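Student: I am attaching a structure below and will ask some questions about it afterwards.
The values are calculated or read from the model by the stated rules, or taken from the named source; none is laboratory data. Because the structure is predicted, anything quoted here is derived from the model rather than measured. Here the Cβ positions follow ideal geometry from the backbone for every residue, glycine too, while neighbour counts run over all protein chains shown.
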Amino acid sequence: MITRKQIAALTAAFIAGLMLGEFHPGWMSSASAEGTYTIETCLQTLNRESAETTTNGWMFWFVKRDFSDGLNLKMSQVNAHSAIHGAHKHPEKEIYYILDGEAEFTLDGVSRTVGKDSAMYCPPNVMHGIHNAGDGPLRYLVIKDN
């Protein structure tokens, strides 16, 4: 379960991104004007039955990029000592936020192991990755602007 402290930290990171120009909230105005955004379409609750199964865990998309004009939010859970995919790079920015477990973050060839309530910003076109460094499940959120 996500705590108030975790929600506050994630919200603060998101707002800081908006203020720094890292996220562009065009989806807030453009779709509202069209009437496609309602409480029913914008509010999402974790539903494990509709989560995508991966080789080493699962992913649940709270906000998909086609719905929000490029901004998305997903939660992933990864089994002990594994990863959903290896280090990679892409033109989009990402922020990872650890909810539970122990993660090894890699950014541009340098790795650090961190725990709950840690976050990492991944700039565009820089190699990055996340690996479960613990003996239990790793749960994290990813905010991506694409």
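Student: State the number of residues belonging to the stretch 48-83 that are in a loop (DSSP other than H, G, I, E, B), modelled with pLDDT under 90 and at negative phi. Before you say what the answer is, go through the steps one by one.
Tutor: Start the filter on the stretch 48-83 by keeping residues that are in a loop (DSSP other than H, G, I, E, B), which leaves 51, 55-56, 64-70, 79-83.
Pick out the ones that are also modelled with pLDDT under 90 and you get 64-70.
Those still in the list that are at negative phi too: 64-68.
Going through the stretch 48-83 one residue at a time, the tally reaches 5.
Student: Scan the stretch 107-123 residue by residue and report those that are surrounded by fewer than 18 Cβ atoms within 10 Å (Cβ to Cβ) and in a strand (DSSP E or B).
Tutor: Kept after step one, since they are surrounded by fewer than 18 Cβ atoms within 10 Å (Cβ to Cβ), are these residues of the stretch 107-123: 107-119, 121, 123.
Result: LEU107, VAL110, SER111, ARG112, THR113, VAL114, ALA119, TYR121.
Student: Further, regarding this structure: Kindly provide the set of residues from the stretch 124-146 that are within 19 Å of ASP108 (Cβ to Cβ) and either part of a loop (DSSP other than H, G, I, E, B) or in contact with a helix residue (DSSP H, G or I) (Cβ under 8 Å, 6 or more places away or on another chain) (or both), ordered by number. Lay out the reasoning, then the answer.
Tutor: So in the stretch 124-146, the residues within 19 Å of ASP108 (Cβ to Cβ) come out as 124-131, 133, 142, 144.
Residues satisfying the conditions are PRO124, ASN125, VAL126, MET127, ALA133.
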